[in-house]
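Only the coordinates and a few stated rules stand behind these numbers; no lab work does. The shown structure was predicted, so the numbers you read here are calculated from the model rather than taken from an experiment. All Cβ positions, even for glycine, are placed from backbone atoms using ideal geometry, and neighbour counts span all protein chains on display.
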There are 2 protein chains.
Amino acid sequence: MLDFDFHNPTRIVFGKDRLAELDTLVPAGATVLVLYGGGSVRRFGTLDKVRAALENGRTVHEFGGIEPNPRYETLLKAVEKVRSDGVDFLLAVGGGSVMDGTKFVSLASVHDGDPESLLYHGFAGVPAAKALPLGCVVTLPATGSEMNMGGVISKGDGKFPVLCPLTFPKFSILDPTLTYSLPARQVANGVVDTFVHVMEQYLTFPVEGRFQDRTSEGILLTLIEIGRYTIDHPEDYDARANLVWCATMGLNGLIGSGVPQDWATHMIGHEITSLYGLDHGQTLAIILPALMDVRRDAKREKLLQYAERIWNITGGTDDERIDAAIARTRAFFESLGVKTRLSDHKLGVEHFDAVIKGLEAKGLTAMSERGDQTLEVSRNVLKAAL
Amino acid sequence: MLDFDFHNPTRIVFGKDRLAELDTLVPAGATVLVLYGGGSVRRFGTLDKVRAALENGRTVHEFGGIEPNPRYETLLKAVEKVRSDGVDFLLAVGGGSVMDGTKFVSLASVHDGDPESLLYHGFAGVPAAKALPLGCVVTLPATGSEMNMGGVISKGDGKFPVLCPLTFPKFSILDPTLTYSLPARQVANGVVDTFVHVMEQYLTFPVEGRFQDRTSEGILLTLIEIGRYTIDHPEDYDARANLVWCATMGLNGLIGSGVPQDWATHMIGHEITSLYGLDHGQTLAIILPALMDVRRDAKREKLLQYAERIWNITGGTDDERIDAAIARTRAFFESLGVKTRLSDHKLGVEHFDAVIKGLEAKGLTAMSERGDQTLEVSRNVLKAAL
């Protein structure tokens with residue numbers, strides 16, 4: 001097992017009808033900015049309930065319109081509002097984009113220099129000394145942002161990870177019933193996103209991280225069991241609750257502690273979303289199976305473990321078992337209604353140069369747990385995804 | 001899935017040779033009391049390393065002699081020392097007893113009334129408004145105390161759970177190499193303690209806690225794989241690291257969130273330790289298999305799940321599978337060198353009245369996840385443990 005630090009101070013408040021508890025979770029007398037995305041949180045009454053809970057001696061402002069893949073320019077407008085209204089607590093009400101954006105606002109609002117510089121610290125993290133406190137009300141299970149210290153912010157053609165321990169939410173309310181009204185496509189994307197988060201902390205090389213491996217496998221098996229079911233039965237509480245909790249546990253630092261990680265699928269996926277507008281989950285469902293195929297030698301032992309423990313594949317040669325595991329993974333994503341080929345989105349070899357150029361511009365020329373995924377290898381992954 | 005809150009702010013610092021980091025983990029200029037048990041932490045040089053790290057502008061005091069099943073009277077002496085020396089940070093260096101005791105000292109040192117009252121809040125928790133901050137250096141993997149808010153304190157014939165969110169350690173250093181010198185018996189007890197902690201959060205009735213179930217099963221499978229091995233190969237780093245991390249994850253609140261729990265095995269075990277001096281782990285290895293047997297109807301579905309997923313038992317009638325699972329559990333404990341019968345310790349029916357009386361005195365007359373384990377049922381568990 002590798003050495004690690006693990007620290008996750010976010011309080012999780014999980015269950016039905018718990019929005020009223022915002023009154024005890026948010027500091028008394030605070031001036032709160034509630035951030036959200038489109039109008040659905042208003043349409044389905046969530047925003048009214050949030051306001052009702054907060055308006056007990058607090059001043060409540062609102063900032064709507066945070067888009068999927070939240071944009072730097074939009075968030076700067078929220079920063080202006082924080083400053084002009086004297087806001088001292090941020091409440092994100094939404095999915096990953098709203099939570100990610102709120103984290104950026106929490107840093108940028110009290111940042112002295114150019115806020116753009118916050119985008120360029122990468123996985124090393126922002127060395128900030130202060131941030132506004134924030135909480136979350138989660139309406140879309142997918143990104144795990146509700147219990148981690150990271151977000152991804154879009155500017156121009158780029159998607160930039162922004163990480164800082166000060167942006168762990170103070171609390172996150174996870175009420176599975178708030179996700180009942182989500183479109184099937186967003187739920188499917190959330191299942192894929194969670195699945196791939198887990199795979200990126202699991203599919204590397206073995207280091208005797210037995211707890212981590214089995215916990216990862218537990219999330220994968222659960223997603224396979226309830227993924228399609230919760231799309232077809234959006235108001236089955238238990239199925240949705242399992243998706244919500246798996247999404248959180250898939251990216252809160254736990255399963256990645258003490259083991260290598262490989263975020264190449266996300267990095268390539270981000271380029272495709274930035275350039276061609278595919279949903280984040282759609283890009284992951286395309287890239288992961290292709291990467292498993294191309295990287296089969298580097299990841300052989302864990303691929304075989306995955307084949308056996310997740311898909312019960314034990315017969316045939318090593319490569320036959322790996323092929324079967326990739327096919328099952330692809331079939332699972334397709335069963336959710338998420339396509340797994342670039343050609344399904346009318347993308348072809350003519351689009352590869354731009355993707356590779358984007359990776360190069362961000363210095364992603366030696367990805368993977370071994371640092372051996374060159375741009376050439378990434379191009380091969382794209383080829384395998386055609 | 002049941003509603004739940006989860007909040008665990010302890011920072012874990014896991015790996016080899018990390019004691020020097022105490023200098024960044026403990027506040028600068030603090031007056032520190034280092035608490036420990038017997039002389040082994042001094043004999044093996046751990047205390048010297050701790051001192052070397054802390055003595056960078058800090059005043060360091062020591063309090064040794066915290067016994068297994070830490071006693072109230074001993075801890076009051078530490079409280080006196082905290083007050084007379086103006087201590088403002090506590091550092092536990094040891095196993096569960098030292099960590100549990102340190103948590104009690106952290107509460108009692110700043111408690112205004114009679115410290116004895118802290119013993120009597122049970123699982124409702126101590127409603128304290130303040131506590132001294134504390135950190136841990138773990139030398140024995142077993143209780144999970146390094147990442148939770150609880151401890152068990154002994155006074156007279158009684159063992160009293162003392163829980164308070166203020167006593168979450170600020171940090172815990174988990175260095176598996178610090179456990180190499182442990183006697184085999186203590187390691188075996190630690191494996192059993194962890195196994196039983198997990199079972200008490202798992203072996204109830206199903207509530208669709210899929211993540212929780214699978215994470216619990218992952219810990220159980222890991223313990224079965226590495227339990228005997230790490231006793232025989234105490235300096236195999238990875239095996240010991242897996243034990244250490246499983247012990248922590250087995251009782252930090254995670255696997256018990258959103259599912260029913262049943263702590264009857266621990267409660268009966270505590271009585272036996274108090275009355276007859278058996279090791280804590282020894283009592284658990286005796287009571288758990290007996291309880292599985294007696295409670296098979298109430299716990300049928302989870303017993304069958306346990307039989308299949310942990311022991312791969314799928315043939316025969318339900319009761320045959322349950323019998324087989326109990327036998328395998330018993331054989332596992334015995335393989336660690338831990339006996340599983342009261343008679344192995346020369347205890348018989350003549351000792352039951354005192355145990356039952358002890359449970360009754362603590363109001364433990366309706367234990368289990370359903371509240372249906374009466375004193376009569378507990379007596380039947382003792383009978384099945386003969």
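Assorted remarks:
- Residues within the reach of a label modelled at residue B:275 (point 7 angstrom out along Cα to beta-carbon, backbone nitrogen below 15 Å), restricted to the range B:322-349, are B:342-343, B:345-349.
- Helix-only arithmetic for chain A: the sum of -39500 (n - 2.57) across DSSP H runs with n ≥ 4, divided by the residue total, places the mean residue ellipticity at 222 nm at -14500 deg cm²/dmol.
- The range B:204-266 and the range A:354-380 have Cα centres separated by 38 Å.
- ³J(HN,Hα), Karplus 6.51/-1.76/1.60, whole Hz, each residue of the range A:121-137, x for Gly, Pro: 8, x, 6, 5, x, 7, x, 7, 9, 8, 7, 6, x, 9, x, 9, 10
- Neighbour counts of C-beta atoms inside 10 Å place A:160, B:89, B:44, B:195 in the sequence B:44, A:160, B:89, B:195, starting with the fewest.
- Cα-based shape type of the range A:33-78, given that a ≥ b ≥ c are square roots of the gyration tensor eigenvalues and the cut on a/c is 1.5: oblate
- Neighbours of residue B:249 by Cβ distance under 12 Å: Lys/Arg scored +1, Asp/Glu scored -1, total +1.
- Rounded, prolate or oblate (a/c below 1.5 giving rounded, otherwise prolate when a/b exceeds b/c) for the range A:235-386 by Cα gyration tensor: rounded
- Measuring nothing but how far apart in sequence close Cα pairs (under 8 Å, 6+ apart) lie, relative to its length, chain A scores a relative contact order of 15 percent.
- Dimensionless Rg over Rh [the protein assembly as shown; C-alpha; Kirkwood]: 0.97
- Here the range B:367-386 is scanned for amide nitrogen atoms under 11 Å from the site 7 Å beyond the Cα of residue B:341 along Cα-to-Cβ, giving B:385-386.
- HN-Hα J in Hz across the range B:206-223 - Karplus 6.51, -1.76, 1.60, θ = phi - 60°, x for Gly and Pro: x, 10, 6, x, 5, 4, 4, 4, 5, 5, 4, 4, x, 5, 4, 4, 5, 4
- Scalar couplings 3J(HN,Hα) for the range B:307-319, obtained by applying the Karplus form with A = 6.51, B = -1.76, C = 1.60 to θ = phi - 60°, are 4, 6, 7, 9, 10, 6, 8, 10, x, x, 6, 3, 5 Hz; x denotes Gly and Pro.
- Debye intensity ratio I(q)/I(0), log10, the range B:158-220, q values 0.26 Å⁻¹ (C-alpha model): -1.08
- On Cα atoms only, tilt of B:96-108 relative to the major axis of chain B in degrees: 60
- Across chain A, the longest piece that holds none of the GluC sites (Glu not before Pro) lying in DSSP loops with up to 16 other C-beta atoms within 10 Å covers A:56-234.
- Rounded if a/c under 1.5, otherwise prolate or oblate - the range A:3-71, Cα gyration tensor axes: oblate
- Qualifying trypsin sites (Lys or Arg not before Pro) in the range A:301-386, DSSP loop, other Cβ atoms within 10 Å at most 10: A:346
- Acute angle (nearest 10 degrees) that the helix B:184-202 long axis makes with the longest principal axis of chain B, alpha-carbon atoms: 60
- Exposure proxy ranking, count of Cβ atoms within 10 Å, fewest first, for B:299, A:16, B:81, B:155: A:16, B:155, B:81, B:299
- Under 14 Å, Cβ to Cβ, from residue A:166 - net charge with Lys/Arg +1 and Asp/Glu -1: +3
- Relative to the longest principal axis of the Cα atoms of chain B, the long axis of helix B:375-384 makes an angle of roughly 80 degrees.
- Local charge for residue B:137 was computed over the other residues whose Cβ lies under 11 Å away, with Lys and Arg +1 and Asp and Glu -1, and equals -1.
- For residue A:11, distant residues with modelled amide H under 5 Å away: A:171, A:172
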